[in-house]
Amino acid sequence: MTTAWQVREAVPSDAAGIVAHIRRIADEPNNGISISSATEFKFTEVDEVEIIKKYAESDNRLMLVAEVEKAIIGVANCRGSDGGYSHTLSFGITVNRDWRDRGVGTAMLRYMIDWCRANPVVHRLELWVFPDNVRAIHVYEKLGFQHEGNRRASFLKDGEFRDLLLMGMVFER
Ligand SMILES: CC(C)(COP(=O)(O)OP(=O)(O)OC[C@H]1O[C@@H](n2cnc3c(N)ncnc32)[C@H](O)[C@@H]1OP(=O)(O)O)[C@@H](O)C(=O)NCCC(=O)NCCS
């Protein structure tokens, strides 16, 4: 029997679980995300409470968690900035290593895409991904994100200048 997990919007009491989740993934080798160790993740639980509140109050930000038996096993967030970019939301997503390849990432992104589609403020959802992150790229392609470019040697990670692929989805209304 598999344990049931669920996807929902983050609330302030998730802060400690989110911080622990991100730190755990940050310490994984070849983790696919922008930081390479837990010490690079500067936000404390107190900071995270304020971040979650700010997301909940904003019309162009969404923070999701996947949880199982009160434990956070996934986090996905998207946010727009100001002015002409307020309709363009960039997202990040992480799933606990023990829970990958079970549909958690897909479920969080489906929730996010549905939320964006139903939100008149949002016109575009985008992400940057390392070219060797084939699992993530597979999920993004499956959900309809299109390849839009390669920002060559743009990101310094583990002493190496890495390419970043841009993928995006536009919500035509
Ligand atoms: C990328 C990530 C968010 C995906 O979440 P997930 O819960 O593992 O994804 P899902 O289980 O929903 O889907 C995984 C899919 O990738 C496929 N997959 C797994 N390994 C693969 C590989 N090496 N090549 C191609 N596809 C692969 C699975 O078969 C599955 O496909 P399907 O849905 O068509 O059956 C998660 O693996 C993760 O957190 N990775 C580390 C952090 C990261 O890379 N974040 C993204 C940064 S851009």
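Quick notes
- Mean projection area, nm², convex hull over Cα of the stretch 22-173: 9.6 nm²
- Modelled spin-label separation between ILE35 and ASN119, with each label point placed 7 Å from Cα along the Cα-to-Cβ direction: 2.2 nm.
- Summed residue charge, Cβ within 11 Å of TRP128's Cβ, Lys/Arg positive, Asp/Glu negative: -1
- Long-range HN-HN contacts of ILE73 with modeled amide H, under 5 Å: ALA66, GLU67, VAL68
- Radius 13 Å from Cβ of ALA16, net charge of other residues (Lys, Arg +1; Asp, Glu -1): -2
- Helical contribution to [θ] at 222 nm, DSSP H n ≥ 4, -39,500 (n - 2.57), averaged over the chain, rounded to 500: -8500 deg cm²/dmol
- Shown here for the stretch 134-173: GluC sites (Glu not before Pro) in loop regions (DSSP other than H, G, I, E, B) with at most 16 other Cβ atoms within 10 Å, namely GLU172.
- The stretch 31-112: GluC sites (Glu not before Pro) in DSSP coil with no more than 12 other Cβ atoms inside 10 Å: GLU69
- Whole-Å distance, taken between Cα centres, linking the stretch 59-109 and the stretch 1-51: 11 Å
- Charge dipole (debye, nearest 20) of the chain; +1 at Cβ of Lys and Arg, -1 at Cβ of Asp and Glu: 300 debye
Where a number appears in this text, it was derived from the coordinates with a stated rule and is not lab data. Just so we're clear, the structure is a prediction, and the values are computed from it rather than from any experiment. Don't worry about glycine lacking a Cβ; one is built from the backbone with ideal geometry, like all the others, and counts go over all protein chains shown.
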